[in-house]
Amino acid sequence: MNNDLNLESNIKKAKALKIIKYIIVYFFLVIWSIVVLFPFYYMIMTSFKSTADYNNEIVPKMFATSGFSAIIDNYNKALFDYKLLQDLGNTVLFSLTTTFLMVIVVILAAFAFARLNFRGKHLVFTLFLALMMIPNELVIITNYASFTNSSHDLRNTFIALILPSIMSVFYVYLLRQNFMQVPDSLYYAAKVDGTSDFKYLIKVLIPLSKPTIVTIIILKLIETWNSYVWPRLISTKPEYYLVSNIIEVIRSSGGGRDNIPGMMAAVVVVSLPLIILFVIFRKQIMSGVSRNGTKG
């Protein structure tokens, strides 16, 4: 009888400790979520305020009370007065083209390292991975010298914007690991049936690796959309500016100080496509990353 009572008491204590543990964990998660999301909330609320109301605030207000006309004015200024609409078009073109070319290059390189046999493959792949140890700043300097010292100065061209970004050592490694998870017997069976390497890649490996490829596409789109250093360095004409460039131009020219709500509206416009992209494809991103993180 006493043993049963002690067992029941221990079970209740274990359940109570488990509940307390969950409460503590979720409490800190909620606090951390508020800390992370608050800047985005404040950015959006500020973009809904008029310049006069914002400047008259001694203590920042967490809610906008300026009315619908202030919202229209801020976003109209962001899109047209700051010429953000043109730079959005440039960024979409740059992001889609770069991502499309990079996916082709990464798939072919990953397939070569995963399935093809050639002399020195492991040495080449080791040297290839060693490139990840080189600081990005050194690569940028080399690329800039290559593009500006060529027979044709390629500054202020989409070719110069796109070419340095169509290769990623990390994405090749990620996709190679995914390709190597496909059993070798499947490859040899396809070869016995007379399937070419290219057809095997298209018909078998790519469909089986779809979550990882989708993840790479989304992450690359986010990376190119946020790209700043290289576009800022290689583009000096406004017609080749990306959204990251124009935000910096607005800030440095005084627009960010004189009209904070308009500046925040421009930042919201730039951030919104990435937020929507992540919300739509968040499951694919998590699936692709976890799949490669949990398997050898």
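Observations
- Per the Kirkwood formula applied to alpha carbons, segment 2-73 shows a radius of gyration over Rh ratio, Rg over Rh, of 1.48.
- Within a Gaussian network of the chain (alpha carbon springs, distance under 10 Å), most fluctuating of 77, 121, 21: 21
- Shape summary of segment 77-294, radius of gyration then Dmax from alpha carbon positions: 20.4, 70 Å.
- Couplings for segment 12-27, taken from phi via the Karplus curve 6.51 cos²θ - 1.76 cosθ + 1.60 with θ = phi - 60°, read 5, 5, 4, 5, 5, 5, 5, 5, 4, 4, 5, 4, 5, 4, 5, 4 Hz in order; Gly and Pro are left as x.
- Across segment 112-128, computed HN-Hα scalar couplings (Karplus, 6.51 cos²θ - 1.76 cosθ + 1.60, θ = phi - 60°) run 4, 6, 8, 10, 7, 10, 8, 5, x, 4, 5, 5, 4, 5, 5, 5, 4 Hz from first to last residue, x flagging Gly and Pro.
- Cα centroid of segment 121-196 to Cα centroid of segment 1-76, whole Å: 42
- For segment 83-134, the Rg and Dmax computed from alpha carbons only, in angstrom: 16.8, 53
- Volume per residue of the convex hull around the Cα atoms, evaluated for segment 118-241, comes out as 158 Å³.
- Where Cα atoms sit under 28 Å apart: lysine pairs in segment 77-294 separated by 8 or more or lying on different chains: 19
- Cross-link partners of residue 12 among lysines (Cα-Cα below 18 Å; sequence separation of 8 or more within a chain): 21
- Distance in nm between pseudo-label sites at residue 188 and residue 19 (7 Å out along the Cβ direction from Cα): 5.8
- Value at 222 nm in deg cm²/dmol, rounded to 500, when DSSP H runs of n ≥ 4 in the chain each add -39,500 (n - 2.57): -23500 deg cm²/dmol
- Solvent-free Debye calculation, one equal scatterer per alpha-carbon of segment 192-240: log10 I(q)/I(0) at 0.20, 0.28 Å⁻¹ equals -0.75, -1.00.
Each value in this text was obtained by applying a stated rule to the coordinates, not by laboratory testing. None of these values were measured; they are calculated from a predicted model. So basically every Cβ, Gly included, is an ideal-geometry build from the backbone, and we count neighbours across all protein chains shown.
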